[in-house]
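Input: a single structure, listed below in structure tokens.
The values are calculated or read from the model by the stated rules, or taken from the named source; none is laboratory data. As the structure is a prediction and not an experimental result, all values here were calculated from the model. Virtual Cβ from ideal backbone geometry, glycine too; neighbours counted across all protein chains shown. Protein only, heavy atoms only, side chains kept; ligands, DNA and RNA dropped before computing areas. Shrake-Rupley method; radii C 1.70, N 1.55, O 1.52, S 1.80 Å.
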Amino acid sequence: MKKVGLILTAVLACLVLLGGCGKKTADADKDTTTNVKSSKKVTLDFWSFWGSGARREVIESIIKDYNESQDKVKIKYSYQPWGDIWTKSLSAITAGNPPDVIVQDINSVAQRADAKQATDITKYLDKGINKRFYSQLFKTTQYQNKTYGLPFNTDTQVIFYNKKIFKNAGLTDKDLPQTWSELDAVARTLDIKKDDTFTRIGFYPLWSLDTQVWALNADGGTSWFNDKNQVKIDTKNKRKALQWILDAQKYYGKKTINRLEAEFGSGVADPFLSGTVAMRAQNINYYTSIKENAPKDFEFGVIQLPEFQKGSGHKTWGGGFTLEVPTGAKHVKESVDFIKYLTSDKVQEKFGAASFDIMANKKANTNLINGKQLDETGQMIYKTADQAMSSTVLTPIPLSAPDYNNLVNEQIDAALLGQKSAKQALKDAQTAVENLVKQHK
Amino acid sequence: MTKRSLRQKQEARWGFFFVAPFLIGFVLFMFGPMLFSLIGSFTDYNLTSKMNFIGLNNFKRMFLNDDLFWKSLYNTAYFTIFNVPLTTLFSIFLAVILNQKLVGMRFFRTIFYLPAVLSGVAVYILWMQLLSPSTGLINTILSWFHITGPSWLFDPNWTKPALIMMKLWSAGGAMLLYLATLQNVPTQLYESAEIDGAGIWQQFRHVTLPMITPIIFYDVITSTIGSFQIFQEAYVMTSNGQGGPANSLLFYNLHMWNKAFVGFDMGYAMAMSMVLFMIVLVLTLINLKLAPRWVHYAGGDQ
């Protein structure tokens, strides 16, 4: 009996020790890395979701350049799948063992800063570093006047149009739509209807673009929340915007819209590339898909989103990614140095040229427009993007209601399904989101 | 109470020693986290920066203010109420049919079991294509019979039925259980039933069905629990994993996930998980209570 008792204690002791040992070795590892820091190289773990294709190649080449350019720091690149990266980093942060640098969503920087998931890197940055970036991008990295990351790349929403269809319809560059009513007029001239079925669609606003984008375009750049985090869903102009979308839906008919929507999903059958759709609002990155899938003689142009009314501004929406140092990372200074390198002019230019991303660094984009790395179409894309950036609005997640999206979408869906009027839907959404804000107070 | 002998004590110790791996695993990885969730449900825990005790506030908010909580509970209950009986009936039906002794039966068994082998995201993507309103196979077949199919995943009235239909398709797992049980039903029972003049339906009703009730019972309990935990389907099959259109696929666990990882409101999500735990526990207890009335064990009541 004693024997059994002994064995049991021994096993338990081993288990406890194993647990303890595991921790100790981990700590020891950390100690050695910090020791190495003073004498030898520091290894930084860099997480991103660029797993294949041009982005992966170019980021690996950039990291190689960086590793060779100095001998203090070695960057280790870790690819994390898109669906996992942020939940994984969240648990890594909670466990106290995060990556050193991570690519994060630009619209939720403040949310992470508020929850102490990201490191304040202000003191490592040179004054005036903000001038590198489009101002609205840098603004999203600010929380209580401190900087919690630097913007890396971005995007913006524009309208792609089929040049041939325009030409055949006798439309010139002068006729490119500048306002919503001009857009409607041009779309009507490009529509083709045979026996009650549309064989060509001029323009339908909701393919690839959210109601939100049109709502903020109509409302002078104010999205569902304004700068002061007040709920601004039910406004006069947003009602008009939603009504405009409902009118377009009624005009083309749900059947036509559903049919083409399903086709937009797959690359080669893309109705815009086959000429079934004359104009299409899309993220500017759509260019890469056109390059891959369009027939050789396909000609297209890009214009900014039209103004709601003359003079109301070509307001559009953008997103993007930042580079952050998660809370608990050990080598903040070295990590920030690497972030600075990744956002510097030349590196940004290199990444842009390879991936066709619109970069957060203004000068990199200008260099791409004027340089020789891109062909004429590529330069035209970057030129439009650069123009559009001046009226591109970002929509940082409001801390008072971070998960408001489902509430708004439910009401907008109800309107699109014909269950509610535009007015009623936005009114209900406003009430629902205000209720959520109240819950968080 | 009689005092245990030395031998009994020793045996008990060895017993504990051998189940220790399970016990340790259970305490560390099951009971520990559950206890933590219980404690966390009374706090404003957000994973990284705060964990203050806020009493019953999470529960109050859930029941009184959060409309999406009720909506997600409704969606989940709707799914469970239809999914559990339908998949059970369908898999029994399949098993009975595939239990005939005919040439090539193995081939059909394999075919019907295949969907259960395929799993996860690939199946959902496949079904999204099948269910596509204009180009999908299902509506194409319906159109041959001059039926205009619904827009399935785009119409809030049809999203849940579409999902239930998809679940029926992969009833092969449960079918296999029933098939195994059916083959264990002693043939002499059928023989004597036949001598007594019972027809096919009566044989099924009075011999087959009672003999497989333990497995039906098991299947109903596990699939009820599984149905309440539905998450992946909605996360993968709706745009941006939001549970649309009109939140018709916003299931309980999806709402909980949004609260935890979109809003970082982990305390609230933990409270939600506790409520789900209670719901499932109560349902299982009811099932257990009702079981003796209809579940028949061949070896007696043990």
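Solvent-accessible surface, computed for protein heavy atoms with a probe of 1.4 Å, shrinks by 50 Å² or more for the following residues of region A:392-411 when the other protein chains are added to the isolated chain: A:D403, A:N406, A:E410.
The share of Cα pairs per 5 Å bin across region A:199-257, counted from zero up to the longest distance, runs 4, 18, 27, 20, 13, 10, 5, 2, 1, 0 percent. Residues whose amide H comes within less than 5 Å of that of A:F300, counting only those at least five positions distant or on another chain, are A:K163 (H built at 1.01 Å from N in the peptide plane).
Once A binds B, the 1.4 Å probe can no longer reach about 3100 Å² of accessible area, counting both sides. Computed across chain A, the Kirkwood radius stands at 24.4 Å (inverse of mean 1/r, all Cα pairs).
Taking the 1.4 Å solvent-accessible surface of region B:151-302 as the whole, the part contributed by carbon and sulfur is 62%.
The Cα-based radius of gyration of region A:249-308, divided by its Kirkwood radius, gives an Rg/Rh of 0.98.
Maximal additional length on extending the B:S119-B:A77 stretch stands at 12.8 nm, based on 0.36 nm per residue less the C-alpha distance. When peptides A:228-239, B:12-23, A:194-205, A:316-327 are sorted by average Cβ neighbour count within 10 Å, with the highest value leading, the order is A:316-327, A:228-239, A:194-205, B:12-23.
Residues of region A:114-130 that bury at least 20 Å² of accessible area once all protein chains are present, compared with their chain alone (1.4 Å probe, heavy atoms only, ligands and nucleic acids left out), are A:A115, A:K116, A:Q117. By the compact-protein rule of thumb, 2.2 N^0.38 Å, the alpha-carbon radius of gyration of chain B corresponds to a ratio of 1.25.
In the full protein context, region B:61-294 carries 51 Å² of accessible surface per residue, based on a 1.4 Å probe and ignoring ligands, DNA and RNA.
Between A:R188 and B:Q188, the modelled labels are 8.7 nm apart [label points 7 Å from Cα along Cα→Cβ].
Couplings 3J(HN,Hα) of region B:182-192, computed from phi: 4, 6, 8, 5, x, 5, 5, 4, 5, 4, 5 Hz, in residue order, whole Hz [Karplus 6.51 cos²θ - 1.76 cosθ + 1.60, θ = phi - 60°; x for Gly and Pro].
Each of A:L90, A:W50, A:P271 was scored by the projection of its Cα onto the charge dipole of chain A, and the greatest displacement toward the positive side belongs to A:L90; charges sit on the C-beta of Lys, Arg, Asp and Glu. Bridge orientation summary for the protein assembly as shown: considering DSSP beta bridges with both residues in this region, about 70 percent are antiparallel. Annotation: amide H-H contacts under 5 Å for A:V393 (H modelled 1.01 Å from N, sequence separation of 5 or more, or interchain): A:T316, A:W317, A:G318. Simple spin-label estimate for A:K250 and B:N287 gives 5.0 nm between the two label positions (7 Å along the Cα-to-Cβ direction from each Cα).
Say R0 is 45 Å: what FRET efficiency, to the nearest 0.05, do A:D210 and B:T213 get from their beta-carbon distance? It comes to 0.30. Using the rule -39500 (n - 2.57) for each DSSP H run of four or more residues, divided by the residues of chain A, the 222 nm mean residue ellipticity is -15500 deg cm²/dmol. Considering only protein heavy atoms and a 1.4 Å probe, what is the carbon-and-sulfur percentage of the accessible area of region B:12-57? Within region B:12-57, the accessible surface is 81 percent carbon and sulfur. Annotation: amide H of A:D191 within the under-5 Å range of A:G202, sequence separation 5 or more or interchain, hydrogens built in the peptide plane. Across region B:172-302, the volume of the C-alpha convex hull divided among the residues equals 147 Å³ per residue. Take each residue of peptide A:92-105, count the partner chain Cβ atoms within 10 Å of its Cβ, and average: the result is 0. Compared with the dominant principal axis of the Cα atoms in chain A, helix A:376-389 is inclined by about 80°. Kirkwood radius, region A:82-236, all distinct C-alpha pairs, inverse of mean reciprocal distance: 19.8 Å.
Using a probe radius of 1.4 angstrom, the carbon and sulfur fraction of the accessible surface of region A:200-285 is 45%. Solvent-accessible surface, computed for protein heavy atoms with a probe of 1.4 Å, shrinks by 40 Å² or more for the following residues of region B:231-256 when the other protein chains are added to the isolated chain: B:Q242, B:A246, B:N247.
A crude spin-label estimate for the pair B:V19 and A:K164, with each label 7 Å from Cα along the Cβ direction, gives 7.5 nm.
Max-minus-min Cα coordinates of the protein assembly as shown on each principal axis give 94, 78, 51 Å, with the largest extent listed first.
Just so you know, the Rg over Rh for region B:18-109 is 1.25, from Cα atoms, with Rh as the Kirkwood radius.
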